[in-house]
Ligand SMILES: Nc1ncnc2c1ncn2[C@@H]1O[C@H](COP(=O)(O)OP(=O)(O)OP(=O)(O)O)[C@@H](O)[C@H]1O
Ligand SMILES: [Mg+2]
């Protein structure tokens, strides 16, 4: 790699997004913050006409054009910016003209400030706090409920041995089944409350997916699951049992949603090329993506944030813990969980995990 001029490093590390265009409105500079704010990578953007990239945000091209041609400068111009994978964010844009040392106009620059940054940071830490609180709450509740449950189950078993009447035995059987179901929920709550250490190793995520699909589909009715795996996907690094739990929750949700006649669930894997993870040691980890797509009912926007809250459910028999646990596990792996849903059309849930390469 060529050595960057010092000012290039400064531009690269600025907290504001820097987007430069030349006089023909072709993008010449796109720094890291610009990547983060827009969700676009510079390989997608550099040397391309700005208008072709920000199709939904024509205003950006318009103000840069005005800056270039009419010397109109904009200061803290507030607008919403659309992004590929997540909701639009509000940004503040400041523009100016760019000249070379001889004083010739060589382009225009936009400084883009993420005004939602503070807000989304707040919701993230709020979400974490809420999860921690719910964790303690769940642990206490589970503990209190466990012992009496054991008592009820034992008494019902005793009774079933003592009663001769078959009709009455049916009732004791029903008590025991209900207790077992409660016990299963309590166990789930405890798993959620005490996550335990991750046992990280290199994993073939396709194998994990196959096992999950087998578990959910064998001998059961429901929408078909179509696999579109990328065979060249490198191993991911993670805890096999925990990741299986995540994928199980997500595929189960997708199958429960896609109950329409021609509903289906599709599992896609791929390497992520337009985004990478930089850890504290500045090492770059490439990400693998597992996408679970369903053609189901979709999630209304007002529920999107809530689905990560423990016990939020819209299903009669649901515990509402699946998404909360999955979110937590993926975060512990240093990964990401993205959701994109259109009510009436379906839902895409993407899990991004660090690969071993
Ligand atoms: N793929 C999906 N399509 C539509 N809605 C979904 C999807 N995934 C999650 N949801 C919504 O999010 C809610 C919470 O999901 P979560 O997995 O946490 O709990 P649950 O599925 O209701 O219960 P459990 O997972 O314990 O059976 C669901 O009740 C549903 O409303
Ligand atoms: Mg679920």
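Any read-out appearing in this document is the output of simple, stated calculations on the displayed coordinates, not a laboratory observation. Values in this document were obtained by computation on a predicted structure and should not be read as measured data. FYI the Cβ positions are ideal-geometry reconstructions off the backbone, even for glycines, and counts take in every protein chain you see.
Only helices enter this figure: runs of n ≥ 4 DSSP H residues, each worth -39500 (n - 2.57), summed and divided by the residues of the chain, yield -14000 deg cm²/dmol at 222 nm to the nearest 500. Multiplying the residue separation of residue 314 and residue 240 by 0.36 nm and removing their Cα-Cα distance gives an extension gain of 23.8 nm.
Maximal additional length on extending the residue 262-residue 83 stretch stands at 61.4 nm, based on 0.36 nm per residue less the C-alpha distance. Modelled spin labels at residue 218 and residue 13, positioned 7 Å past Cα toward Cβ, are 5.5 nm from each other. Distance from the Cα centre of the range 79-110 to that of the range 1-63, in angstrom? After rounding, the separation between the Cα centres reads 8 Å. Computed from Cα atoms, the angle from the helix 240-257 axis to the main principal axis of the chain rounds to 90 degrees. The label point for residue 65 and the one for residue 170, both projected 7 Å from the Cα toward the Cβ, are 7.7 nm apart.
The alpha carbons of the chain give a radius of gyration and a Dmax of 26.1, 103 Å, in that order. Taking Cα atoms only, the orientation of helix 58-70 departs from the longest principal axis of the chain by about 10 degrees. Using only the alpha-carbon atoms, how far is helix 322-332 inclined from the longest principal axis of the chain? Give it as 0 to 90 degrees, nearest 10. That helix lies at roughly 50 degrees to the long axis.
Mean sequence separation of contacting Cα pairs (under 8 Å, at least six apart), scaled by the length of the chain, corresponds to a relative contact order of 12 percent. Set the Förster radius R0 to 35 Å, insert the Cβ-Cβ distance between residue 146 and residue 227 as r into 1/(1 + (r/R0)^6), and round the FRET efficiency to 0.05. With R0 = 35 Å, the Cβ-Cβ based efficiency is 0.35.
Within 10 Å of each residue's Cβ, count the other Cβ atoms and sort 134, 323, 189, 271 from fewest upward. Lowest to highest Cβ neighbour count: 271, 134, 323, 189.
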